[in-house]
Amino acid sequence: GGAPSVADVALVGALPEWLARELLASLGTGACALALDAMEPPAPAVAANLNLNAEDQALALLKDAGLRPSRLPWPGCIALGAQAGLAASGFVERTAVLPADPAAQMVSWLAAPAADVDAMLEVGQGRATKTLLLAGANRRLGGSVLLACVDSVAFKSRLARERVRTGGLGGRATCLTLDATRLDAPDVPPELRRTFGQVFVDAPCSGTGTMRRHPEVAWSLGQGSVCGGSATLPALQLQMLSAASARVAAGGTLAYSTCSDLAAEDEDVVRAFLASDAGRGFAPLPVTEAPCATLLGPEASRILRAMTGRDGFLRTEGGRALGLDCDGHFLALMRRVR
């Protein structure tokens, strides 16, 4: 009945000892729940693409296809009782629904801009799932934000371009290939030579929050990539966050997200940024004060409050106990105050 040891967490979660130690340091007793859940993949979930359909329409489509959908507490978030027919349905290809873990959906909603924000910068776009979620949440608020989106991998930008077109954002999203650590350089593409009311940095990370889906992460991750003074991932994350912060307009919001459970990539990066020259003009903004928080029902509000730390940051691990089975994601919001 005493405190869990590193050896206990490593054994139960089938983790290397160094990673078990980092998870215990980052999550405390939450590392035990994470280890116990390690062999139980999360239930399949999708998001309604609110740029094309209302949530009720997405539910009806899924129901007619025999996928046994049910609403989850988060807006637009749908569990599938029968996932097998999803690929054959064509809904994913047409982006009528977006395969996305509930944690990724939460992060996208909470990082979405208010209705009066005219333009947003998304850094680390990937295949544009969060692009469509961000725009859909903004639409629910009554907005019609223009998005400039950046990824460092050209084939992802090409894929994203096609998905935003199919997904209802035709003339409203520009997908660019760029090394995001150069966002503060004077020679960026013309679309980025401005400031934005909302900037979202979805940083490359260890992926330790997704180990239930990807157990190989635990043993393929090098200790030096996240631990110690020369850790490569936190250095890259801080560099990206600092460069992106130069594009935040006065009074604008900067969001930083990972799918890591490790404090070294999450709180530590945010604190290092806020203490730096680039970050001194920013103040933390509790995620409970995000524009989309006003759209949440009582159950979603309860989950959000339970996942928000005293520092105002979001940590989604432990969602299963709260009624929203999800991966471990982190989100910090900051406002430019000077």
Problem set entry | 2 or more residues in contact with a Lys or Arg (Cβ under 9 Å, 6 or more places away or on another chain): qualifying strands (runs of 3 or more DSSP E) within the stretch 70-125 | 77-80, 119-123
For this session: Name the residue, out of L61, L52, L23, that is outside any strand (DSSP E or B) and crowded, with 22+ Cβ neighbours inside 10 Å.
Result: L23
For this session: Look through D311, D327 and report the one residue that is surrounded by fewer than 17 Cβ atoms within 10 Å (Cβ to Cβ), assigned by TED's automatic domain parsing to the domain that holds V217, charged (D, E, K, R) and in contact with an Asp or Glu (Cβ under 9 Å, 6 or more places away or on another chain).
Result: D311
For this session: Output the number of residues of the stretch 64-78 satisfying the condition of being buried (at least 18 other Cβ atoms within 10 Å of the Cβ) and touching a strand residue (DSSP E or B) at 6+ places or on another chain (Cβ under 7 Å).
Result: 6
Exercise. When the stretch 214-235 is examined, which residues are found to be in a helix (DSSP H, G or I) and either under 26 Å from G13 (Cβ atoms) or in contact (Cβ under 8 Å) with a residue 60 or more places away in the chain (or both)?
Worked result: V217, A218, W219, S220, Q223, G224, S225, V226, T232, L233, P234
Seminar exercise, completed: Selection from the stretch 228-238 of residues surrounded by fewer than 18 Cβ atoms within 10 Å (Cβ to Cβ) and of a type outside the set (S, T, Y) yields G228, G229, A235
For this session: Just one of (1) in contact with a helix residue (DSSP H, G or I) (Cβ under 9 Å, 6 or more places away or on another chain); (2) more than 30 Å from A14 (Cβ to Cβ) trips up G142, so point out which.
Result: (1)
Exercise. Looking at V199, V226, V217, which one is under 20 Å from the mean Cα position of the chain (by Cα), within 28 Å of P291 (Cβ to Cβ) and hydrophobic (A, V, I, L, M, F, W, C)?
Worked result: V199
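Answer with yes or no whether T181 is at pLDDT 95 or above, more than 25 Å from D325 (Cα to Cα) and in contact with a Ser or Thr (Cβ under 6 Å, 6 or more places away or on another chain). Explain how you work it out, then say what you get.
Details: at pLDDT 95 or above: yes; more than 25 Å from D325 (Cα to Cα): yes; in contact with a Ser or Thr (Cβ under 6 Å, 6 or more places away or on another chain): no.
Here the answer is no, as T181 does not meet what is asked.
Just to be sure, is L322 modelled with pLDDT of 95 or more, in the same structural domain as D261 (by TED's automatic domain parsing) and surrounded by 14 or more Cβ atoms within 10 Å (Cβ to Cβ)?
Against the criterion (modelled with pLDDT of 95 or more, in the same structural domain as D261 (by TED's automatic domain parsing) and surrounded by 14 or more Cβ atoms within 10 Å (Cβ to Cβ)), L322 does not qualify.
The values are calculated or read from the model by the stated rules, or taken from the named source; none is laboratory data. Model, not experiment: these values are computed from the prediction. Note that we place each Cβ from the backbone using ideal geometry, even for glycine, and neighbour counts take in every protein chain shown.
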